[in-house]
Amino acid sequence: MADITISSAVRSNLNALQSTSQLMSSVQEKLATGKKVNSALDNPNSFFTAKGLENRASDLGTLLDDMGQSVQTLKAADKGISAISDLVDAAKAKANQALQTSSQEERKQFASEYNELLTQIEDLAKDSGYKGKNLLGGTGNDLSVTFNEDGTSSLSISSVDYTDTSSSTGLALSDLASGASGSTTISIHGASTTTTLSSTNLLTLDSDYSVGDTLTITDSTGTELASLEIEATTTFGDFDDFVNSADGVTGTQTGTNYAIVGEYEVTLDSDASGYTAASTSHATTNGFSTDSKIESTLDSLTSAQNTLRAQASTFGTNLSIVENRQDFTKSLINTLEEGAGKLTLADTNEEGANLLALQTQQSLASTSLSLAAQADQNVLRLF
């Protein structure tokens, strides 16, 4: 283009058109991207300042996601504690039911149901985790929540262990002994190994008994389960029916022996002097066999309930802190992004007006260029 000669007027208009075209391209880019600073070449100071703000907002956004997951972990633990509290209430109801009855057979059943509730508490605690983190699962489940990008602001949440109800650092609720069946054997003095005694007179079999004696079977609380007054016509079959009529007690003849088996501790006694009572004994005693044992269990359940309520309060406080920091972080991210926008975002109204002005200027420059070119062509008229 250096060998082409054009007049000063044409060159001036041409330069104006080129400059206008560049400005139009710049304005169109701003309108297309919505930013007045698209690269460091546009405004280095604004570009790098905005980039720093955006990077911090991005880092906080990642932490915000972690906070959200921590909130869910705390909520899962809180739901677990709430459900465990309901089971503890059910266990208290079982203990109170046992307290309202004197039947050792029923108390034994209530003790078994109580133990099942403790098993369900342990299973529920094991199932209260979220994404592999269980605040009710004990060691290895502590939760740490980071609130800022350099890790100087954080919250440590200690886990508890409710997966073993007997643990002294947890709920301190031990399984109850359900009571093993005990037995005792009474010798039948006048019987042989092959004798069937159902219709045999009882007095001819055992001289320890006499007419007018009263036999009673009582449980470990002293509650009478059954009684039999011996008459002259009382048979061994009557005695057998009497033993088996007591709840939770069975009697069986084997040769010259008569075995009495109870689901709990029972005593066969006679009011006749000189007769030694035979008492079944347990290897272990039913955990609800006495009122004092039930009261002790109720005290343990009340203590466990207080422990659960205190831990729920602690997790509630932690949850409030994390949710508060979560809301703060959201607001801070918005502030950072807004600040970055103030440095880089374009005013579309202004840029639209600029584009319209440039289009007008371009049109005028094109017209002016055309007029300048026509002036240069006047020399052709001389020929």
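The values are calculated or read from the model by the stated rules, or taken from the named source; none is laboratory data. Note that the coordinates shown come from a computational prediction; the quantities given were computed from them, not determined experimentally. Note: ideal-geometry Cβ built from the backbone for every residue, glycine included; neighbour counts use all protein chains shown. Surface areas here come from the heavy atoms of the whole protein model, side chains and all, with no ligands, DNA or RNA. Shrake-Rupley method; radii C 1.70, N 1.55, O 1.52, S 1.80 Å.
The one condition from (1) surrounded by 15 or more Cβ atoms within 10 Å (Cβ to Cβ); (2) modelled with pLDDT of 85 or more; (3) hydrophobic (A, V, I, L, M, F, W, C) that LEU355 does not meet is (2). Of all residues in the range 134-160, those being open to solvent by less than 60 Å² (accessible area, probe 1.4 Å), part of a strand (DSSP E or B) and farther than 20 Å from SER313 by Cβ number 1.
Is at least one residue of the range 276-295 among the hydrophobic types (A, V, I, L, M, F, W, C), at pLDDT 70 or above and exposed (fewer than 15 other Cβ atoms within 10 Å of the Cβ)? Among the residues of the range 276-295, not one is among the hydrophobic types (A, V, I, L, M, F, W, C), at pLDDT 70 or above and exposed (fewer than 15 other Cβ atoms within 10 Å of the Cβ), which makes the answer no.
Determine, yes or no, whether GLY170 is in a loop (DSSP other than H, G, I, E, B) and either open to solvent by less than 40 Å² (accessible area, probe 1.4 Å) or modelled with pLDDT of 90 or more (or both). Yes, satisfied. Quickly run through the range 113-133 and pick out the residues that are assigned to a helix (DSSP H, G or I) and either within 24 Å of THR317 (Cα to Cα) or modelled with pLDDT under 90 (or both). Listed by number, the residues that qualify are ILE121, LEU124, ALA125, LYS126. Checked against the criterion of being part of a helix (DSSP H, G or I) and within 30 Å of GLU149 (Cα to Cα), the candidates ALA93, ALA57 yield just one match: ALA57.
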